[in-house]
1. With respect to residue 268, is the statement that it is over 30 Å from residue 194 (Cβ atoms), open to solvent by 60 Å² or more (accessible area, probe 1.4 Å), part of a strand (DSSP E or B) and at pLDDT below 95 true?
2. Among 252, 281, which is open to solvent by 30 Å² or more (accessible area, probe 1.4 Å) and modelled with pLDDT under 95?
3. Please state which one of 48, 25 is among the charged types (D, E, K, R), within 30 Å of residue 121 (Cα to Cα) and either touching a strand residue (DSSP E or B) at 6+ places or on another chain (Cβ under 9 Å) or crowded, with 20+ Cβ neighbours inside 10 Å (or both).
4. Within the group 107, 97, which residue is over 23 Å from the mean Cα position of the chain (by Cα), assigned to a strand (DSSP E or B), over 16 Å from residue 49 (Cα atoms) and of a type in the set (A, V, I, L, M)?
5. Could you please tell me which pairs satisfy a Cβ distance under 7 Å, a separation of 6+ or placement on different chains, a first residue in segment 209-234 that is within 30 Å of residue 271 (Cα to Cα), and a second residue that is modelled with pLDDT under 85?
6. Quick check on my filter: what residues within segment 76-120 are crowded, with 16+ Cβ neighbours inside 10 Å and within 22 Å of residue 35 (Cα to Cα)?
7. Check 177, 129 and return the single one that is over 9 Å from the mean Cα position of the chain (by Cα), part of a strand (DSSP E or B), closer than 27 Å to residue 105 by Cβ and among the polar types (S, T, N, Q).
Amino acid sequence: PLTASTLPTDGQEPSLIFVIIEQYEGEEQDGLPHGDGKARFAGRHKYEGGFSEGRLHGSGTYTWADGVVYSGTFEQNDITGEGTYTWPDGSSYTGAVLKGKRHGEGVFTCADGAVTYSGGWQLGKRHGSGKLTYSQSPLSYYDGQWESDVKSGEGTQIYPSGNKYSGAWKNNVKHGSGSMVWQQARQRYEGQWTEGQMQGTGEYTWASDFADASPFQMFNHYFGEWSAGKRSGEGVFYYATGAVYAGGWQNDMKHGWGLYTGEDGTRISGRFEVDRLIAPDPSDADSGPGAPA
């Protein structure tokens, strides 16, 4: 499967290879290539374009024996400036280069054109702000910050399902503060993440029509602590019926001391385990064995 850190055909920039000029045609100065010319090197690599005092300089095209082609600017035998790399499989890069590496702003397009990256680069790796588009139908992309080819910083991911995450990333996973919307399930989480899982303090809403919900619509809602993607710690759960539970949680179930208030105002408090009241608080007159599951 596609990941944000790898492209299906992420061609690597080859280095220039200078061994022996087997053949040269073009302008010269003091016996050296100078001006426009063509050169063929040992190993079947070739170049056509500008020369300065025997060095590749100015605009030109260098073709490696394996079929990789660079067309753009050269500076004293270095691929530096602006240009286009084309790989034999049809993938390409157009943009800024420094000493042969993608560096600055540029666009990489995979062979079939379905996957593209447009944005910042640093020495051949995605770095800074950029957008990686996985597909157009359905639309799927990541748009945000990168560090050495991985998602790090603030960014938005749209998944093929239509689900959406906006927030902090680290090493290609959700990490820090962010919000996730599960479109089909009509669920939303906003809060803290650690290594791709809900962890810390967060707010989760179930079955709400986010775009057009009535302000009077009722839905399940939890605000509190999370651990490894589950409700764990202290939190408050607001039921669609109007009931409320406030207290301890573990592995998505009521655990520890808690207070349940029914939609009719009935209060049940005490110690909960595995989602059930096992030790009612004797000081709470409403507490009894009929605690909610």
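The values are calculated or read from the model by the stated rules, or taken from the named source; none is laboratory data. As the structure is a computational prediction, the values presented were derived from the model and not from experiment. A quick note on method: Cβ atoms are made from the backbone with ideal geometry, for glycine too, and the neighbour counts reach across all protein chains shown. Each accessible area value is taken on the protein alone, full model and side chains, heavy atoms only, with ligands, DNA and RNA left out. Shrake-Rupley method; radii C 1.70, N 1.55, O 1.52, S 1.80 Å.
1. No; evaluated as a whole, the condition is false for this residue.
2. Result of the check over 252, 281: 281.
3. 48
4. Selected residue: 97, the only one of 107, 97 that is over 23 Å from the mean Cα position of the chain (by Cα), assigned to a strand (DSSP E or B), over 16 Å from residue 49 (Cα atoms) and of a type in the set (A, V, I, L, M).
5. 219/207; 219/208; 220/207
6. 78, 79, 80, 83, 84, 100
7. 129
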